[in-house]
Protein chains: 2
Amino acid sequence: MVRRASHEGEPSVSLSEGKGLPPAVVARLTVYLRALNSFLADDVDRVSSDALAEASGVSSSTLRKDLSQLGSYGTRGVGYEVENLLTHLSVAMGLTRDWRVAIVGAGNLGRALARYGGFETRGFDVVALLDTDPQIIGNEIGWLRVSDAANLEAVFERTRTNMAVLALPASAAQFVCDRVVAAGVRSILSFAPTILQVPPGVTLRKVDMATELQILAYHAQRGESGGETGQPSAGAPEAVDVAPADIQPPADTRPADMPPPAD
Amino acid sequence: MVRRASHEGEPSVSLSEGKGLPPAVVARLTVYLRALNSFLADDVDRVSSDALAEASGVSSSTLRKDLSQLGSYGTRGVGYEVENLLTHLSVAMGLTRDWRVAIVGAGNLGRALARYGGFETRGFDVVALLDTDPQIIGNEIGWLRVSDAANLEAVFERTRTNMAVLALPASAAQFVCDRVVAAGVRSILSFAPTILQVPPGVTLRKVDMATELQILAYHAQRGESGGETGQPSAGAPEAVDVAPADIQPPADTRPADMPPPAD
DNA sequence: TAGATTGTTAATCGATTAACAATC
DNA sequence: TAGATTGTTAATCGATTAACAATC
């Protein structure tokens, strides 16, 4: 392990390149990003590790350790500049390039995702929506017209898709997944309730509603007697429990993320 | 730590009661459940830890360690009885009681969830769908009629709701969450892209599409050069990568989980 | 300078893996 | 009995926490 005096905000090669960040850290960085955006929206321009940690629901120890893996972006005795840190985190997370997302499957879920505006504000462009059902192909949903999944490769090429979201039934998932991979997409988010196989070099993440409910069931059953509070999500860290009401995110001004209002 | 010769399949109080299972274990149990169901559907009635582990994407060491936390449900030299293990896992996860789920918010996402049949097959009954929009209240969606969220407490009581799914915009989330908690619900799954505060004794889990995409972005950016494969989900374990094609889940007969076909 | 807060180290804690004795 | 496979231990690995020296 190379020890070296970190000069200024240089990425300090420690882990940054060599091995990549631990998954737990990557998950937390997304939380910090959200918290920082919230501070930015409130015109706060400097935060201490204590304040940011509290807003993110982690210990300040963990926060500082996480940030120090990326480089030295704070100032001792002062704190972190919100905008500056935001920039550095975005770069570290790879959010500065263009991400063009295709949603494969225009069933209920696919349509809900397509209409959801939250991706764009986070820097992800939904560029295509595909399905195999003739009744659905050609329909306009959100800002998109549904393409024929038969032309998946052509659509991906035309739209320069580099991320895919699978909103498919389990039965079709592996087949379509293989095709998406063959088309050159290396980042896939699956909502299909089945275990998918992807070759090395392809990153697959999975979201499963039923799994989430099962985990809730476990805690509820246990919590029956004593009080228990669970949490984690998406491999992401937490900010649950009693948490001090004073740092409460301020009504979330800028449209944050997911589900649209009741239409 | 109390050491004791575990007699047969007795829950061996070790951790089962005292402290609860580690979160990582709980997440993996849901994966084992799915794999076991798949075996059951194929009329396989016995599995070795090796086979089940492979189907679940974990090491057999991890699998056996996990299962042994619940009790001794296998037979040395033989393996595990699929149906028997399934029962024990279901009990451990609290899936034997009635779970009645209300979906709060009937926007695109809420409607998609309501129409999705996958919950029922996993033992979760969707009993209510609520919204505040007069244009939506009263509409029939899936098997449900949309209730007025103004009567949330009454609806919850009538339907004996004990789990809530929040499919709301960030701006309304905390307010509604508080009301849901006040109504006595202690298990909440939120799709709102904001950090929610809940009192102790309430379990909150969060699913956030944008977070998932950001994590994908991180890996994609890194994977550029060398091959990298990410994975985890919902705090859940994995089964990714090259994985041997021979144990591939058999086309998933019984409807597994989430998104419905393209309508 | 005095006060504040970072970046980093060392200690603790928890989770995973490998190996094997127990036992069907 | 011989072969197989669990349940469990000990070793490794990684992540979190606490504490503090460095430094603005």
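The set of residues in region A:61-71 that are open to solvent by less than 30 Å² (accessible area, probe 1.4 Å) and either away from every other protein chain (no Cβ under 14 Å) or in a loop (DSSP other than H, G, I, E, B) (or both) comprises A:L63, A:L67, A:L70, A:G71. Taking the criterion of being touching a helix residue (DSSP H, G or I) at 6+ places or on another chain (Cβ under 9 Å) and surrounded by fewer than 20 Cβ atoms within 10 Å (Cβ to Cβ), the residues of region A:72-82 that qualify are A:Y73, A:G79. Annotation for region A:86-100: at least one member residue is open to solvent by less than 30 Å² (accessible area, probe 1.4 Å), within 29 Å of B:L113 (Cβ to Cβ) and either within 13 Å of chain B (Cβ to nearest Cβ) or small (G, A, S) (or both). Selection of strands (runs of 3 or more DSSP E) fully inside region A:122-194 by the criterion of at least 3 residues being within 24 Å of the chain's Cα centre (by Cα) returns A:124-131, A:163-166, A:187-190. Within region A:74-97, the set of residues being on the phi > 0 side of the Ramachandran plot and within 12 Å of DNA strand D (Cβ to nearest atom) comprises A:G77, A:G79. Beta carbons closer than 6 Å, at least 6 apart along the sequence or on distinct chains, pair a first residue in region A:67-92 that is assigned by TED's automatic domain parsing to the domain that holds A:D45 with a second that is within 10 Å of DNA strand D (Cβ to nearest atom) and small (G, A, S) for A:S72/A:S6; A:Y80/A:G74.
Restricting region B:26-43 to residues that are within 15 Å of B:V91 (Cβ to Cβ) and among the aliphatic types (A, V, I, L, M), the residue that is farthest from the other protein chains (Cβ to nearest Cβ) is B:L36.
Considering region A:19-60, the residues that are within 10 Å of DNA strand D (Cβ to nearest atom), of a type in the set (S, T, N, Q) and open to solvent by 20 Å² or more (accessible area, probe 1.4 Å) include one that is nearest to A:E81 (Cα to Cα), namely A:S60.
The values are calculated or read from the model by the stated rules, or taken from the named source; none is laboratory data. Please read these numbers as outputs of a predicted model, since none were measured by experiment. Neighbour counts run over all protein chains shown; Cβ positions are idealised from the backbone, glycine included. For accessibility, only protein heavy atoms count, side chains too; no ligands or nucleic acids. Shrake-Rupley method; radii C 1.70, N 1.55, O 1.52, S 1.80 Å.
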